[in-house]
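Chemist: Here it is, the structure in full.
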Amino acid sequence: MYRQAAQLAQSRCPDLDIQIYSDRSLSQEPEIIENALKDADVFFASLIFDYDQVIWLRERAENIPIRLVFESALELMSLTRLGKFVIGDKPKGMPKPIKFILSKFSSGKEEDKLAGYLSFLKTGPKLLKFIPAKKVQDLRNWLIIYGYWNAGGNENFASMCWTIAEKYLDIEVGEIPEPIETPNMGLLHPEYEGYFTSPRDYLNWYQQEKSSNHPLVAVLLYRKHVITKQPYIPQLIRFFEEQELTPVPIFINGVEGHVIVRDWLTTTYETQQRNLGNKEIRSLAKDAIEVDAIVSTIGFPLVGGPAGSMEAGRQVEVAKRILTAKNIPYIVAAPLLIQDIYSWTRQGIGGLQSVVLYALPELDGAIDTVPLGGLVGNDIYIIPERVKRLTGRLKSWINLRKTATKDRKLAVILYGFPPGYGATGTAALLNVPRSLVKLLRELEKQGYDVGELPEDGEIIINQVKEADEAIITPNNAGKGQATVNVRKLEEWLGYLLKSRIEKQWKTLTETGIKTYGDEYQIGGIQLGNIWIGVQPPLGISGDPMRLMFEKDLTPHPQYAAFYKWLQNDFSADAILHFGMHGTVEWLPGSPLGNTGYSWSDILLGDIPNLYIYAANNPSESILAKRRGYGVLISHNVPPYGRAGLYKELMALRELIAEYREDTNKNEILREGIIQKIVDSGLAADCKFEEGKKLGIDFTVENAKLFSKHALNEYFLKVYEYLQIVEQRLFSSGLHTLGEIPNQEQLDSYLEAYFGEKLTERERKAITSESPELQYILESANGRSETIQEAIYIRDLLKRTPEELTNLLRGLNGEYIPPAPGGDLLRDGTGVLPTGRNIHALDPYRMPSPAAYERGREIAKKTIQQHIEEHGNYPETIAVLLWGLDAIKTKGESLGILLELVGAEPIKEGTGRIVRYELKPLEELEHPRIDVLANLSGIFRDTFVNIIELLDDLFQRAAETEEDPENNFIRKHYLQLKEQGVENASARLFSNPAGDFGSLVNDQVVDGNWESSDELANTWEKRNVFSYGRKDKGQARPEILNQLLKTSERIVQEIDSVEYGLTDIQEYYGNTGGLKLAAEKQSGKKVTASFVESFSNDTNPRKLEDLLRLEYRTKLLNPKWAEAMVNQGSGGVYEVSQRMTALIGWGGTTDFQDNWVYDQAAETYALDPEMAEKLRKANPEAFRNIVGRMIEANGRGFWDAEEETLEKLRDLYDLTEEELEGVIN
């Protein structure tokens, strides 16, 4: 278009030489542009944001006499010069008369200033003629030029060029036409000549022309695309009409989105509220029209659009208030304007495009993002199939609201993976049985048909489990059970998708997964219109690699049949995925930006997906939101508990305390203290340094070799360690959806949050709300702020019922307010109340300043620990970059990496981090340490921009001319280059593209491994894939092996109390697997250290020490055990999970402390009352608990007494027989 406009300008003015280049030209032909800039009289640029391009252009354009830069990075816009009008790096602002005029173009609201500014730019030149010309002539000309540019179109662009030529280049042009005006905000339709400036006028015209009573959907469009007549806009409008939706196409410059939604659009809900006197929006226009949903093709934040992204989240509260008042779905769906279709469909959406389309709109509560197309060359194309997905999902959300609750059909999806381990009806941190029955009762109150409800949620889980495990035929299917014939599945899938599954699985009917003959089993129960079933397993039990998530793979046929049955036969109005987390969002497909080939998109189809998710996991929930179209409803984490001391630990502390009162008088206690230290395994936690120096183990006999003074010092060390154990926090039990914490639980949250800042009496006064205790708070002099904050947190925690309220609102198709994901201890009060649609953060602002400084401190301490232990600097340190801790800490792990390399973040004018710059070596306190950065799949797919910045950093560090002995990155780079290795600066490794997990934990869970070497090999094979600007998952084994061979240390952050090393399988599967692989390559022990980022402590703790500390405070702690086991089947499964993780740590790090297994056996298996309770609540999980103990002995991790093993075998056999009886 611009080349045509340039030809038009030159046809009238031959002396003008106008050369047009795109931002791609900067990358592909920089020499041509550089030559053009050398001779230019005028430099004009728009929409240039890439930092490297900005700096490159600044250096080459700063001496051009006339420089006009619009809508670009501030560093480039500051170049603007027109005569005496200069913006500069520190703009002085407008003259006072102009500021006065400008103030009249805004409503006075902060959020309306940008929209008012655009109105001023349009009208400004006419008003400025009344101000003395000398003062503002160049400014007036700049406004005229911008007016032509903003008006758009060939004719206006040509007029802009003529204006510049006549006023500043001494080229005579003659009469220049006034701008061909287009409103800043308006409505359009392909069948109407011109534009509407009133939504009511548009709707009146539309209903006259079309006589439509279909749902109304407002569609926000870029004004620039309207006035340049982009073909996709009329196509989009017609697609909506073909799908029986009435489009309300509204164009804006980009910054006025909130003005349109606030003032031009209303809803049935808002009308009802206003009739009740609740007028949230005072500026609602008289000609506002009621719509059923809002679609933005702009992306960015609703308030401010592209300009609003300069300060991420600044106007989120305004957007939330507006969208809450409208209370309808707000969806972002747009063609990609920064990325082409080819790269999207092959690599996923990345970089700035992902922020524009996903990260920023999610802060406002946008849902169901659908990329509609993208660039092909310089043209914008939309994909009809993607538009159909958008319109289909829109219609489903609208229909959900319009369907009476008694007629709504809901599908509730529970989880049961891995099968056979008691996982059915469990979810992380959530008591599913209690939550499910609580939800069903609320649905019943709302008028849903829920049939006859059992009193106990455990009964429902058992019924679902039985239905899921039954063999179903078309003739014996019970209510809620069904079969899908293979021919029906072929019809639902179509030839192409059927062929993809056949290619992967070789057959549609002989996979062995819930398939009998030609029939796929769909097991579940139906309570009225509520169907409850178990999500199918990903693959064949014992073969975890059968379905992992590479793009070319597919789910197995029965998995596809399950979701297609929900779509087509059961005809669910909505799906509810119950807890954290399922697997549909992890299926093969585009890492980000669903295409028609993404299996999560294919199987979820158009069904609204409500997803209950733990508030403290903004990482994995991103996948549920973006790949699985999940509208997230967050739930609180369980209450916290202090570990305290128990059994021999309490007795030991009392003995030491008594001994220390008078060490001479109480000398008789010394041998007993030593015996208890040895028996409890504390000698491993607290090393006796005097004995360690001499290589002497700490035993009762050996202790006699040492002085009384040395032993007294050691007893003090043990005593202080017991105090640490006593004060450790743990997550107590599981959360029940919508349940208000009782007084004791409220106290646990406040005690964990405030620590010693509040006394026990003050907490009691706050949690009890007893009037008799208020005097305690009133007398808390000087601490009123702390008291008020505690009361505020108490009140937020008591709003837990909003978890259910907002879930029900979501099932009505209403707007769910957003909130940041996180937990109270780490992230403060912003994560409360729960029941919100959680989101992550802007990846262009990581690390935050605080996270960077804290990360630097951790890195320095890690280096110092290595020097103290080995006397030299480590050449390579492996840093784990996981999505969860990166989001919750705002990038502390990045801060660690940057300090190791010797770099710092560089920000451009809007605050975005655009480069990690190397610091001079002389400013560092250490050499540049090489880094093996191991990325989780979520980090890899979510933070593409950070990966590219890191890749750029490593390349510059490798190529900088420094002494290799002071720059280990360069040292290893040069060694690899000598071997002829390509891309030798690659340092970022992860799983295959589109795939997640090391599979080490899968092998451990299934028990299909013989030696640790197998686990090391699995980790290597799964993490050999390199990522960066060039690599998008290329296998680079030579580089990975070199880094593993030189890795002397591993450092990782633990982001929350709830997910410690012993709580989930991923830590040993990834970090343990990495440690094992590094030791295999180097032949030496590698130290792994962890920092608990939820605390103020930045000291890295060694893996083995932290494991012991965690086992003492959780698995072996009667307080933790009682709280968990009281949660029923889900609690027993949690215990079972931790026994599996214990085996995982044995396999990956050779952790084999006998006392851990001894006490676990005593607590959970050999105590008859406890064993019976576990077996009754969840026999499969109990079988796994006992089975793991027997396995530990068989693998040499536990030296158990034969009598103990006999008891365990008997228990295992008894449980197995009972299960077989149940199954048979």
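Values in this text are rule-based calculations from the coordinates and carry no lab data. From a predicted model like this one, the values you see are computed outputs, not experimental measurements. With ideal geometry, Cβ positions are generated from the backbone for all residues, glycine too; neighbour counts draw on all protein chains shown.
Chemist: Just to confirm the number: angle between the C-alpha axis of helix 1168-1177 and the first principal axis of the chain, 0 to 90 degrees, nearest 10?
Modeler: 30
Chemist: Under the 0.36 nm per residue contour assumption, what length would be gained going from the current alpha-carbon distance of Lys919 and Gln727 to full extension? Show your work: numbers first, answer last.
Modeler: Values: separation 192, 0.36 × 192 = 69.12 nm, distance 4.04 nm.
Taking Lys919 through Gln727 to full extension adds about 65.1 nm, to one decimal.
Chemist: Next question, about the same structure. Evaluated at 10 °C with a viscosity of 1.306 mPa s, what Stokes-Einstein diffusion coefficient in µm²/s does the range 890-1011 have when Rh comes from the Kirkwood expression over alpha-carbon pairs?
Modeler: 98
Chemist: Which percent, to the nearest 5, of DSSP beta bridges fully inside the chain are antiparallel?
Modeler: Values: 36 of 104 bridges.
Close to 35 percent.
Chemist: Straight-line reach from Lys625: which aspartates and glutamates have Cα under 14 Å away, leaving out those fewer than 8 places along the same chain?
Modeler: Glu362, Asp364, Asp368, Glu585, Asp601, Asp941
Chemist: Once both labels are modelled 7 Å past Cα along the beta-carbon direction, what's the Tyr495-Thr960 spacing in nm?
Modeler: 5.9
Chemist: Taking the Cβ of Met846 as the centre, find all other residues whose Cβ is under 11 Å away and add up their charges (Lys, Arg: +1; Asp, Glu: -1). Walk me through the intermediate numbers first.
Modeler: Working: positive: Arg845, Lys890, Arg912; negative: Asp842, Glu892.
Once positives and negatives cancel, what remains is +1.
Chemist: What spacing in nm lies between the two simple spin-label points modelled at Ile867 and Asp407, each 7 Å away from Cα in the Cβ direction?
Modeler: The two pseudo-label positions are separated by 7.5 nm.
Chemist: Among Gln526, Ile501, Thr473, whose Cα lies farthest out toward the positive end of the dipole of the range 473-541, if unit charges sit on the beta carbon of Lys, Arg (+1) and Asp, Glu (-1)?
Modeler: Ile501
Chemist: Positive end of the charge dipole of the chain (Lys, Arg +1 and Asp, Glu -1 on Cβ, about the Cα centre): tell me which of Ala151, Thr403, Ala1078 has its Cα farthest that way.
Modeler: Ala151
Chemist: Shifting gears a bit: Ratio of alpha-carbon Rg to the 2.2 N^0.38 Å globular estimate for the range 1114-1224, to two decimals, please.
Modeler: Computed over Cα atoms of the range 1114-1224, the ratio equals 1.00.
Chemist: Could I ask something else about it? Using R₀ = 41 Å, calculate the FRET efficiency as 1/(1 + (r/R₀)^6) where r is the Cβ-Cβ separation of Ser1082 and Lys647; round to 0.05.
Modeler: Computed FRET efficiency for Ser1082 and Lys647 comes out at 0.50.
Chemist: While we're looking at this one, here's another question. Find out how many positive minus negative residues lie around Ile341, taking Lys and Arg as positive, Asp and Glu as negative, among other residues whose Cβ is under 13 Å from that of Ile341.
Modeler: -1
Chemist: Moving to a separate point now. Excluding same-chain residues fewer than 8 positions from Lys506, which lysines have a Cα within less than 28 Å of its Cα?
Modeler: Within the straight-line cut-off, Lys506 pairs with Lys488, Lys498, Lys514, Lys551, Lys564, Lys1021.
Chemist: Starting with the highest mean, order 336-343, 601-608 by the number of other Cβ atoms within 10 Å, averaged over the residues of each peptide. Write down the numbers at each step before the final one.
Modeler: Values: 336-343: 18.2, 601-608: 21.9.
Result, highest mean Cβ count within 10 Å first: 601-608, 336-343.
Chemist: Here's another thing I want to ask about it. Take the alpha-carbon centre of the range 254-292, take the same for the range 927-962, and report the distance between them in whole Å.
Modeler: Centre-to-centre distance over Cα atoms comes out at 47 Å.
Chemist: Now, a different point. Can you tell me the 0 to 90 degree angle between the C-alpha axis of helix 1103-1113 and the longest principal axis of the chain, rounded to 10?
Modeler: 70
Chemist: Pairs Lys320/Lys438; Lys38/Lys167; Lys919/Lys1080; Lys861/Lys1080: which exceed 30 Å Cα-Cα?
Modeler: Lys919/Lys1080
Chemist: Just to confirm a number: summing +1 for Lys and Arg and -1 for Asp and Glu over residues other than Leu508 whose beta-carbon lies under 12 angstrom from that of Leu508, what do you get?
Modeler: For residues surrounding Leu508, the net value is +1.
Chemist: Against the longest principal axis of the chain, how steep is helix 1129-1149, in degrees 0 to 90 to the nearest 10, with axes from Cα atoms?
Modeler: Once rounded, one gets 90 degrees.
Chemist: Which whole-number percent gives the relative contact order of the range 1020-1090, counting Cα pairs below 8 Å spaced six or more residues apart? Before the final figure, lay out the partial values.
Modeler: Values: 60 pairs, mean separation 25.3, N = 71.
Relative CO of the range 1020-1090 lands at 36 percent.
Chemist: So how far apart, in nm, are the two label points at Ser198 and Asp1105 if each is 7 Å from Cα heading toward Cβ?
Modeler: Rounded to a tenth, the inter-label distance reads 7.5 nm.
Chemist: Using alpha carbon centroids, what distance separates the range 311-383 and the range 551-601, in Å?
Modeler: The range 311-383 and the range 551-601 have Cα centres separated by 22 Å.
Chemist: How high is the FRET efficiency from Glu290 to Ser571, r the C-beta distance, R0 25 Å, rounded to 0.05?
Modeler: Efficiency, from the Cβ-Cβ distance: 0.35.
Chemist: State the answer as a single residue: which of Leu924, Ser598, Phe239 lies farthest towards the positive end of the charge dipole of the chain, with beta carbon charges of +1 for Lys and Arg and -1 for Asp and Glu, about the Cα centre.
Modeler: Projecting each Cα onto the dipole axis, the largest value belongs to Phe239.
Chemist: For Asn485, project a label point 7 Å along Cα to C-beta. Then give me every residue of the range 496-527 with its amide nitrogen under 14 Å of that point.
Modeler: Answer for this model: 517-520.
Chemist: Work out how much length Ile471 to Arg346 would gain on full extension: take 0.36 nm times their residue separation and subtract the Cα-Cα distance, in nm to one decimal. Could you put the intermediate results ahead of the total?
Modeler: Details: separation 125, 0.36 × 125 = 45.00 nm, distance 4.03 nm.
Answer, rounded to one decimal: 41.0 nm.
Chemist: Something else about it: Compute the relative contact order of the range 1114-1224 as a whole-number percentage, counting only Cα pairs closer than 8 Å that sit 6 or more residues apart in sequence. Each step should come with its number before you reach the end.
Modeler: Numbers: 104 pairs, mean separation 32.0, N = 111.
Averaging sequence separation for qualifying contacts and normalising by length gives 29 percent for the range 1114-1224.
Chemist: Cβ neighbours within 10 Å, averaged per peptide: list 689-697, 839-847, 567-575 in order, most packed at the top.
Modeler: 839-847, 567-575, 689-697
Chemist: Could you tell me the center-to-center distance, by alpha carbons, between the range 975-1034 and the range 449-468 in angstrom?
Modeler: If you average the Cα positions of each part, the centres end up 43 Å apart.
Chemist: Continuing with this model, one more query. When the chain is fully extended, how far beyond the present Cα-Cα distance does Glu502 get from Ser22, taking 0.36 nm per residue of separation?
Modeler: Numbers: separation 480, 0.36 × 480 = 172.80 nm, distance 4.44 nm.
Extending this stretch completely gives an extra 168.4 nm.
Chemist: Still on this structure, I have one more. Using the beta-carbon distance between Lys704 and Ser1011 and R0 = 45 Å, what value does 1/(1 + (r/R0)^6) give for FRET efficiency, to the nearest 0.05? Display every interim value, and only then the final one.
Modeler: Working: r = 40 Å, r/R0 = 0.90.
According to the calculation, E is roughly 0.65.
Chemist: If you place +1 on the Cβ of every Lys and Arg and -1 on the Cβ of every Asp and Glu, how big does the dipole about the Cα centre of the range 615-655 come out, in debye to the nearest 20?
Modeler: With Lys and Arg at +1 and Asp and Glu at -1, about 240 debye.
Chemist: Tell me the mean residue ellipticity at 222 nm calculated for the chain from its helices only (DSSP H runs of n ≥ 4, each -39500 (n - 2.57), averaged over every residue, nearest 500).
Modeler: Computed ellipticity for the chain at 222 nm equals -14000 deg cm²/dmol.
Chemist: Shifting gears a bit: Of the peptides 646-654, 480-488, 920-928, how do they stack up when ordered by the mean number of other Cβ atoms within 10 Å, highest first?
Modeler: The packing order, highest mean first, is 480-488, 646-654, 920-928.
Chemist: Mind listing the Cα extents of the chain along all three principal axes, in Å, largest one first?
Modeler: 109, 77, 73
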